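Read through the structure below, which is laid out as structure tokens, and then see the notes.
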Amino acid sequence: MKQRLITLLATFTLMIGFVAVPVSSAYAAVTVDEAIDGATAKMLADGFISSDWEALAIARSNTPASKELRQDYYDSIVSSISHSSYFSATDYERTIIGLVSIGADPTNISEATQRNNLVDDLYHMDVANSGTNGIIYGILALQTKDYEVPADAVFSIQDLIDKLISLQKVSGGWALFGSASDIDITGMAMTALAKYKDMPEVAAALDRSVDYLSTVQLESGGFKGWSNENSNSLSQAIMGLTMTGNDPTGPRFTKNFNAIDALMTYRTDDGGFKWLLTDAGSNSMALDQAAYTLAQYKAFLNGRASIYDFVNNPVPQLNETPVDPDPEVTDPEVTDPETTEPEVTNPDPGVTEPETTNPEKEKTPDPTPTKKPTVVEPVAVKESDKPANLIKAPISNTAENTKSDEINNFPKTGESSEFGIFTALLGTSIVLIGLIVWYENKKKQTAKA
């Protein structure tokens with residue numbers, strides 16, 4: 001009897017050990033930076049940029065695309081807007097995001113035969129009534145830069161904000177259509193509204209959406225969208241959370257696993273991401289969304305702004321404006337400081353010269369400067385040259401993030417929960433075995449007595 005009980009307990013312990021093994025080996029061995037690098041390599045494996053969302057993901061990666069690849073994608077956009085007979089509001093909005101991501105100017109597409117200024121064209125469309133998607137993409141596209149608003153614009157950013165808030169469901173989320181909230185659209189709406197969270201009505205709407213996401217999160221740490229638990233819905237939920245200052249690994253978004261743990265289980269060995277866990281290989285849309293979501297998560301950890309903010313976080317530009325020297329300006333005469341008498345500007349020490357100001361410098365800077373910020377073209381980093389910089393998920397669920405110079409470690413799947421369960425069960429099993437042995441010995445001693 002004793003032997004049989006010991007055997008059963010040992011078998012049970014081994015089974016628990018197998019269950020506690022991390023879910024994804026592709027996740028367990030990588031950091032956030034490595035996951036981003038792997039995703040970028042996967043996206044560029046075909047040698048071209050295939051979509052506006054891929055352009056965004058690559059632009060916010062650790063190694064943006066070369067100028068040649070970005071120029072090729074620009075040429076494809078020029079061809080598309082020149083020859084397409086119809087462009088919807090969302091077409092304009094996605095293209096604006098794609099152009100800004102490759103370092104092009106959506107307000108000056110001189111090579112196109114039509115639609116040379118996409119921002120101006122968009123402002124003359126009825127975006128506020130173009131559907132939830134059109135409103136969300138419109139807000140995101142127009143916040144990429146400080147664009148000039150036409151005097152005869154059909155709508156304002158405030159109009160879009162008000163309309164989007166009015167579309168929020170009772171449950172706290174948003175939907176593409178129908179009365180039930182949808183995870184994908186909810187995350188996207190939160191992403192669009194995040195920049196305006198200092199407005200009381202926006203803050204209240206975002207609070208309701210955060211509560212909604214926390215309530216519907218699955219025990220796996222993921223989310224179900226369109227009747228399936230999938231990585232796309234999860235990516236958009238994480239985008240909405242990080243953009244609004246909520247930690248996707250904090251207590252509110254940790255069930256059996258947290259949201260980042262759940263996303264990384266979709267990662268494939270070749271750097272891609274699946275749509276469903278049961279898929280055999282990666283999916284291009286899932287890859288794009290996971291890649292820019294991880295970039296936004298990294299920005300969240302480091303206290304940086306939105307990945308849609310190309311003013312404070314510019315990217316390499318396709319066409320830098322060269323600065324030509326003025327031929328009328330000659331080099332100043334070089335004088336010997338030891339033989340040159342200093343110029344006396346105020347001979348009377350009792351009289352103070354009034355400070356001369358330049359009225360041009362006192363003006364508020366133009367929010368849309370004609371000269372684009374100069375950004376050094378990135379150089380690809382070899383794996384052997386990379387420092388072992390890791391990224392650590394925040395410990396607490398705080399809305400305020402501070403910059404840190406510390407090296408951060410990215411959490412591994414099951415590092416806390418599965419190992420703790422395994423250790424506890426193993427210890428319990430050992431105690432039970434000890435009690436059984438003690439009990440059998442006690443019976444023998446009683447029988448002898």
**OP:** Using a Förster distance of 35 angstrom, determine the FRET efficiency expected from the C-beta separation of Ser84 and Ser227, and round it to 0.05.
**Re:** 0.55
Subject >> Area of Glu54 that stays accessible when all protein chains are in place (1.4 Å probe, Å², to 10) >> reply: 10 Å²
Original post:
Under 5 Å between amide H atoms, partner at least 5 residues away or on a different chain: which partners does Leu44 have, H built in plane at 1.01 Å?
Top reply: none
Original post:
Ordering Arg70, Arg94, Arg304 by how much accessible area each has at a 1.4 Å probe, largest first, what is the list?
Top reply: Arg304, Arg94, Arg70
Original post:
Given labels modelled 7 Å from the Cα in the Cβ direction, how far is it in nm from Leu277 to Asn313?
Top reply: 2.9 nm
**OP:** Could you run the Karplus curve 6.51 cos²θ - 1.76 cosθ + 1.60 with θ = phi - 60° over the stretch 115-126 and give me ³J(HN,Hα) per residue in whole Hz, x for Gly and Pro?
**Re:** 6, 6, 10, 5, 5, 4, 4, 4, 5, 9, 10, 7
Original post:
With every protein chain left in place, what is the accessible area of Tyr74 in Å² (1.4 Å probe, nearest 10)?
Top reply: 10 Å²
Original post:
What are the ³J(HN,Hα) values, in whole Hz, obtained from phi via the Karplus relation 6.51 cos²θ - 1.76 cosθ + 1.60 with θ = phi - 60°, for each residue of the stretch 276-284 in sequence order, with x given for Gly and Pro?
Top reply: 10, 4, 7, 5, 6, x, 6, 10, 4
Subject >> Residue-by-residue Karplus 3J(HN,Hα) for the stretch 176-193, coefficients 6.51, -1.76, 1.60, Hz, glycine and proline x >> reply: 5, 7, x, 9, 8, 5, 10, 4, 4, 5, 4, x, 5, 5, 4, 4, 5, 7
Subject >> By accessible area with a 1.4 Å probe, ligands and nucleic acids excluded, highest first: order of His124, His83 >> reply: His83, His124
**OP:** Calculate, for Lys67 and Phe177, the FRET efficiency according to 1/(1 + (r/R0)^6) with r their C-beta to C-beta distance and R0 60 Å; round to the nearest 0.05.
**Re:** 0.90
Subject >> Per residue value of the accessible surface for the stretch 82-132 (all protein chains in place, 1.4 Å probe), Å² >> reply: 39 Å²
Original post:
Counting only residues 5 or more places away or on other chains, whose amide H sits under 5 Å from the amide H of Leu318 once H atoms are built in the peptide plane?
Top reply: Ala104
Original post:
How much solvent-accessible surface does Val78 expose, in Å² to the nearest 10, with a 1.4 Å probe and all protein chains in place?
Top reply: 20 Å²
Original post:
Gly225's amide H: which non-local residues (gap 5+, or another chain) put their own amide H closer than 5 Å, with H modeled 1.01 Å from N in plane and none for Pro or chain starts?
Top reply: Asn230
Subject >> Where Trp226, Trp53 fall by accessible area, highest first, once all protein chains stay in place (1.4 Å) >> reply: Trp226, Trp53
**OP:** Mind giving me the FRET efficiency for Asp162 and Ala45? R0 is 30 Å, r the Cβ-Cβ distance, nearest 0.05 is fine.
**Re:** 0.10
Original post:
Cross-link list Lys163/Lys224; Lys163/Lys255; Lys224/Lys298; Lys169/Lys195: which exceed 30 angstrom alpha carbon to alpha carbon?
Top reply: Lys163/Lys255
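The values are calculated or read from the model by the stated rules, or taken from the named source; none is laboratory data. Predicted model, so just to flag it, every value in this text is computed and none were measured. Reconstructed Cβ throughout: ideal geometry from the backbone, glycine too, with neighbour counts over all protein chains shown. Calculation scope for accessible area: heavy atoms of the full protein, side chains included, ligands and nucleic acids excluded. Shrake-Rupley method; radii C 1.70, N 1.55, O 1.52, S 1.80 Å.
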